[in-house]
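The values are calculated or read from the model by the stated rules, or taken from the named source; none is laboratory data. Note that this is a predicted model, so its numbers are computed, not measured. Note: ideal-geometry Cβ built from the backbone for every residue, glycine included; neighbour counts use all protein chains shown.
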Amino acid sequence: MSYFITGGTGFIGRHLIGNLLKRKGTIHVLVRKESMKKFEALAKKQAWDPKRVIAVTGDMTAPKCGLTAAQLRSLGGKIQHFFHLAAIYDLTASAAEQKAANIDGTQNALDLAAALKVKCFHHASSIAAAGLYPGVFREDMFEEAEGLDDPYLRTKHESEGLVRAEKRVKWRIYRPGMVVGHSQTGEIDKIDGPYYFFTFLKKLREMLPPWMPTLGIEGGRINIVPVDFVVDAMDHIAHKPKLDGHCFHLTDPEPMRVGEVLNTFARAGHAPEMTMRLDARMFAFVPSGVRMAVGNLPPVKRFVGMLLRDFKIPKEVLKFITYPTRFDNRETERALKGSGIAVPKLDDYAWRLWDYWERHLDPDLFVDRTLKGKVRNKVVLITGGSSGIGLSTAQRVAEAGAITIIVARGEEELFKARDEMKKAGGKVFAYTADLADMAGCDALVKKVLDEHGHVDILINNAGRSIRRSIELSYDRFHDFERTMQLNYFGSVRLIMGFLPKMTERRKGHIINISSIGVLANSPRFSAYVASKAALDAFSRCAQGELSGKGISFTTINMPLVKTPMIAPTKMYDSVPTLSPDEAADLLVKAIIEKPSRIATRLGIFAALVNAVAPKAYEVVMNTAFELFPDSAAAKGDKKALKDEAPSQEQIAFAALMRGVHW
């Protein structure tokens, strides 16, 4: 028994070869000259017997698959079964590519099979050949296919039509459903079909606990089958007599709806399930013209496009959410009767598919998440870079190969930090500037642009904090002015100075160090929190204007960090704080991931409680206000400052509300 296979190095092909090797005979595999190394590596990995699995050099796009006259003479009359598996199974491929592979390739394969005088031509078609037929599509149906406007559906239909019209050789046609990984190993070689939604489910898992109910779509029924069922069924049916001229649906007789499939994989990936699912057909009452008009609105198109890009879902997939076709497979059931070959339940092997995807195919695995990959040879400017959070961050980015610019007022400490980083091999530059002075900000911007041309990442870290109750601030309005001057106006002045070059280059990242106090509304920090809240609001507005020009904004609502800024409040010596290195970890995360906001769970929870139950939150904040009195420093009592120490109640409350300024 001799076999000839096109697409033998593909996903279905390699598994079919494994099955055929259990039988007697030689297997000839069509391989392009450029792919010979790939074939040899695959053969070695699969442990194929080189005497039985033989590569035949050729090309699907050439007449008779590019075989020479000598090759045709050598194989002529010796091939019993010709399996044509080579095709494009990619919804996103261009129409020209799909025509060349699916239609022209099939014609070339048929011509080769006729020239070799094979006994039977086995064509791997697809349920896509039915198009978007509304109802049950039988195995003896073909011309009835509908909705073939899509290039993928059309070329799969037309290529099957070529086989059906073939008179020179006998043929059998197989229409597999949506092929997923191996039901025993989970193995698959590319992301397709339901795998497109795995990234979405993973992000859902990261945002919400598994028990959280969510809203989803019910959708149509999609037919999913594992690759091992497909090749087992194809192998068995191909070797059964008296089945020539028949078509076989290698499908699940009980397909699940889209919502059920997504929930199955949600369980497999420990993501929250969509407990309430809307049937997409309920929107059918809206006229198609209205739906199209709404879908073509610029904001809607951009929003949908953003979601699809973030979740790695091709827009072509959306049309199959309401898939209308069911598949009758009585011919296949008769052919497989007594063989023990059947479609396994998706629930039984979904976890294997998820596990293999998460370990081998998750797009996040191939994203460069190293700091070096994000900042190497890029200009990173850090204000307040001579100590605390700024210095720790500067050391990280300098070590990662960034052109690091640190800015601070104190020359001695600044230059010392620069020299130490340069000794360690960093490309570090230091500039003194008073960022509370607008002229100083402008001079800094000009000098940096003159000497470095642009700034890739601007980190507004320099800031001033004042812990003093409003009652003690009646005659200290200058506290509010100077805090706003540095924390808000100084940061905005730098942003406005560097933005023109960023927008011209259509890339740039601005990171603003805000405070957890903006989310928690910490008492006694009205001046500080107001200045940071202003910067937060500016960033949100700017993001809406500039995101389309390649500019990213990240706000970090930083919890309490042990830096010189909080040293005057002695109580903070006894409460939980982050170290500057731990705070720098958040900045590294911001640089790598470019999120809109980084905040602790406690900060987000505080903002949520304040939004949902503001009066209850007010009681909590007032309790904290009474529990944590003004410090001796705020009262100007230098004598009491030496004896100031927190009570046990204060320490316990601060530990409970870790990171919040009191």
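Got at least one residue in segment 424-431 being under 21 Å from R493 (Cβ atoms), of a type outside the set (G, A, S) and surrounded by 15 or more Cβ atoms within 10 Å (Cβ to Cβ)? Within segment 424-431 (the criterion being under 21 Å from R493 (Cβ atoms), of a type outside the set (G, A, S) and surrounded by 15 or more Cβ atoms within 10 Å (Cβ to Cβ)), the answer is yes, since at least one residue qualifies. Taking the conditions (1) at pLDDT 95 or above; (2) in a helix (DSSP H, G or I); (3) not small (G, A, S) in turn, Y152 satisfies each one other than (1). Any residue in segment 197-220 that is crowded, with 21+ Cβ neighbours inside 10 Å, aliphatic (A, V, I, L, M), in a strand (DSSP E or B) and within 28 Å of the chain's Cα centre (by Cα)? No; the residues of segment 197-220 include none that is crowded, with 21+ Cβ neighbours inside 10 Å, aliphatic (A, V, I, L, M), in a strand (DSSP E or B) and within 28 Å of the chain's Cα centre (by Cα).
The single condition among (1) in a loop (DSSP other than H, G, I, E, B); (2) of a type in the set (A, V, I, L, M, F, W, C); (3) in contact with an Asp or Glu (Cβ under 9 Å, 6 or more places away or on another chain) that I188 does not meet is (3). Any residue in segment 487-494 that is among the small types (G, A, S) and either within 34 Å of the chain's Cα centre (by Cα) or within 24 Å of Q543 (Cβ to Cβ) (or both)? The answer is yes, given that some residue of segment 487-494 is among the small types (G, A, S) and either within 34 Å of the chain's Cα centre (by Cα) or within 24 Å of Q543 (Cβ to Cβ) (or both).
So, A394, is that one free of Cβ contacts under 8 Å to residues at least 40 places away in the same chain and either crowded, with 16+ Cβ neighbours inside 10 Å or on the phi > 0 side of the Ramachandran plot (or both) or not? The answer is yes for A394.
Conditions (1) surrounded by fewer than 18 Cβ atoms within 10 Å (Cβ to Cβ); (2) assigned to a loop (DSSP other than H, G, I, E, B); (3) touching a helix residue (DSSP H, G or I) at 6+ places or on another chain (Cβ under 8 Å), marked per residue:
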{"residue": "G463", "(1), (2), (3)": "no, yes, yes"}
{"residue": "S491", "(1), (2), (3)": "no, no, yes"}
{"residue": "M496", "(1), (2), (3)": "yes, no, no"}
{"residue": "G517", "(1), (2), (3)": "no, no, yes"}
{"residue": "Y528", "(1), (2), (3)": "no, no, yes"}
{"residue": "S531", "(1), (2), (3)": "no, no, yes"}
{"residue": "L535", "(1), (2), (3)": "no, no, yes"}
{"residue": "R540", "(1), (2), (3)": "yes, no, no"}
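Here the condition is being assigned to a loop (DSSP other than H, G, I, E, B) and modelled with pLDDT of 95 or more; of V343, V407, V380, V397, it holds for V343 alone.
For segment 37-48, the criterion of being of a type in the set (K, R), surrounded by fewer than 21 Cβ atoms within 10 Å (Cβ to Cβ) and part of a loop (DSSP other than H, G, I, E, B) is met by no residue. Within segment 238-251, the set of residues being of a type outside the set (G, A, S) and surrounded by fewer than 22 Cβ atoms within 10 Å (Cβ to Cβ) comprises H239, K240, P241, K242, L243, D244, H246.
Consider segment 343-362 and keep the residues that are crowded, with 20+ Cβ neighbours inside 10 Å and closer than 17 Å to M256 by Cα. The one that is nearest to the chain's Cα centre (by Cα) is L353.
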